[in-house]
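These notes concern the structure reproduced below.
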Amino acid sequence: DHAFKGGQPIARYHSDILADARRIAALDIDLRNALATQQFFLQFQPQVSLLTGKLSGAEALVRWRCPDGTVMPPDTFLPYAEESGLIAAIDEWVLSQACHAARRWHDSGMRLRISVNMSSARFAQRHIPALVTRVLQETGLEPRYLDIELTETAVMHDIERVGSDLASLRSLGVSVSIDDFGVGYSSLRSIKQLRADRLKIDRDFVRNLAVSGSDRAILRTIIHLGHELDFEVVAEGVETADQLTILRAERCDEVQGFLFARPMSMPDFMAYAQRFCASGDCHAG
Ligand code: C2E
Ligand code: MG
Ligand code: MG
Ligand code: MG
């Protein structure tokens, strides 16, 4: 606070900006290094169909194992990667790894879908449909088993440009999910412009479902609206049996959350899926 003496807050402000810039530059170097030396890894969280009771797929979620052994969740580093532009390379790495993983499930007889999150940053500029085409070719995964998740905010931010990429993806046979639905700023009017297959209801609406009548009313309305507009509706963040009972009663199509499983390593997910399939609840062969 030395800088504030003599009515000179600008100096302090300036040094804060420099400190921030240095920290971000250092983090950017760490992230580039992490990508080059395979410090990122994926976990897989099951998605279960309430219509069939079967395992329908998994969402791939990225983590960063730092050299000191700490595992960083995506919210702690992806915002910086978005700012520096490195997110494009990370998303590409995730997409490729995730499709390889799904291909391995298929090779062992489990026809499961893989959902991959894509950052909005530069969605239109990065030629996502071309990238997806290349990765599908490289991995031999059938397009209908790949699902691309984009947040509602990302899509609505630039509906014209993102929308045309979404249409291209869907014409490849890949499905598209609108993530964190309900917390962004879609107007009711703009929802019909969404060229997507699924709405993923944000966990904010699921959290208090069993205790809040108004949350249940909102959820029911989103599901109903989604179905009227031909979307499948997925609920995320399902943690309790009570929430599940309500989601089933309100005809939600799919669920994902700690009630079923936390995000898991590839071997753990394979074992989980095999147990699911052994009980007949799997989209096999
Ligand atoms: P998201 O796509 O909405 O993913 C769901 C998040 O909710 C995950 O957090 C997951 O671990 C967490 N979750 C799942 N079930 C439950 C539950 O029952 N209770 C609670 N409390 N949480 C649950 P995570 O893995 O920390 O990811 C956070 C966000 O980071 C993701 O939100 C997604 O927006 C982003 N993200 C993750 N992986 C990637 C990636 O590979 N690329 C991009 N661009 N974004 C990613
Ligand atoms: Mg997601
Ligand atoms: Mg989500
Ligand atoms: Mg979310």
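Quick one: among GLN47, GLN193, GLN256, which has the greatest mean-square fluctuation in a GNM of the chain with alpha-carbon springs under 10 angstrom?
Fluctuation is largest for GLN193.
How big is the convex hull of the Cα atoms of the range 148-211, per residue, in Å³?
Details: hull volume 5.1 nm³, N = 64.
Convex hull volume per residue, Cα atoms: 80 Å³.
Just to confirm a number: summing +1 for Lys and Arg and -1 for Asp and Glu over residues other than LEU244 whose beta-carbon lies under 14 angstrom from that of LEU244, what do you get? Write down the numbers at each step before the final one.
Details: positive: ARG203, ARG207, ARG216, ARG248, ARG251; negative: GLU236, GLU239, ASP242, GLU250, ASP253, GLU254.
Once positives and negatives cancel, what remains is -1.
Enumerate the amide H contacts of GLY57 below 5 Å, restricted to partners 5 or more residues apart or on another chain; note that Pro and chain-start residues carry no placed amide H.
GLN47, ARG113
Divide the volume of the convex hull of the Cα atoms of the chain by its number of residues and quote the answer in cubic angstrom per residue.
171
Which residue fluctuates most in the GNM of the chain (Cα springs below 10 Å): MET266, MET118, MET72?
Its mean-square fluctuation being the largest, the pick is MET72.
With axes computed from alpha carbons, what is the tilt in degrees of helix 9-36 against the longest principal axis of the chain, rounded to the nearest 10 within 0 to 90?
With rounding to tens, the tilt is 50 degrees.
Equivalent-ellipsoid semi-axes (√(5λ), Cα gyration tensor) for the range 18-96, whole Å, largest first? Display every interim value, and only then the final one.
On the way: eigenvalues 182, 31, 26 Å².
Result for the range 18-96: semi-axes of 30, 13, 11 Å.
If I fit a long axis through the Cα atoms of helix 87-107 and take the longest principal axis of the Cα atoms of the chain, what angle between them do I get, 0 to 90°, rounded to 10?
20
To the nearest 10 square angstrom, what accessible area does ASP75 show with a 1.4 Å probe?
Surface accessible to solvent at ASP75 totals approximately 130 Å².
Mind ranking TYR80, TYR145, TYR185 by accessible surface for me, highest first, 1.4 Å probe? Write down the numbers at each step before the final one.
Working: TYR80 75, TYR145 30, TYR185 135 Å².
Reading off the accessible areas and sorting them downward yields TYR185, TYR80, TYR145.
Based on a Kirkwood Rh over C-alpha pairs, give the Stokes-Einstein translational diffusion coefficient of the range 99-202 at 20 °C and viscosity 1.002 mPa s in µm²/s.
On the way: Rh = 14.0 Å.
This corresponds to a translational diffusion coefficient of 153 µm²/s.
From Cα coordinates alone, what are the radius of gyration and Dmax values for the range 16-157 in angstrom?
Cα radius of gyration and Dmax of the range 16-157 are 16.5, 56 Å respectively.
Quick one, can you get me the convex hull of the C-alpha atoms of the range 145-285 expressed as volume per residue in Å³?
Values: hull volume 18.0 nm³, N = 141.
Roughly 128 Å³ of hull volume per residue.
How many nm separate the modelled label positions at ARG251 and SER15, each set 7 Å beyond the Cα in the direction of the Cβ?
About 6.4 nm separates the two model spin labels.
Below 8 Å, C-alpha to C-alpha, sequence gap of six or more: please give me the relative contact order for the chain in percent.
On the way: 446 pairs, mean separation 54.7, N = 285.
The value is 19 percent.
Can you list the HN-Hα couplings for the range 169-176, worked out from phi with the Karplus curve (6.51, -1.76, 1.60; θ = phi - 60°), rounded to whole Hz and with x for Gly and Pro?
Result, rounded to whole Hz: 4, 5, 6, 6, x, 7, 9, 10.
Return the long-range amide H neighbours of MET264 (sequence gap of 5 or more, or a different chain), with a cut-off of under 5 Å between placed amide H atoms.
Those lying under 5 Å, H to H, from MET264 are PHE44, GLN45.
Any chance you could give the angle, 0 to 90 degrees and rounded to 10, that helix 266-278 forms with the longest Cα principal axis of the chain?
Compared with the principal axis, the helix lies near 20 degrees.
The values are calculated or read from the model by the stated rules, or taken from the named source; none is laboratory data. None of these values were measured; they are calculated from a predicted model. Note that each Cβ is placed from the backbone with ideal geometry, even for glycine, and that neighbours are counted across all protein chains shown. Just the protein is used for accessible areas: all its heavy atoms, side chains included, with ligands, DNA and RNA removed. Shrake-Rupley method; radii C 1.70, N 1.55, O 1.52, S 1.80 Å.
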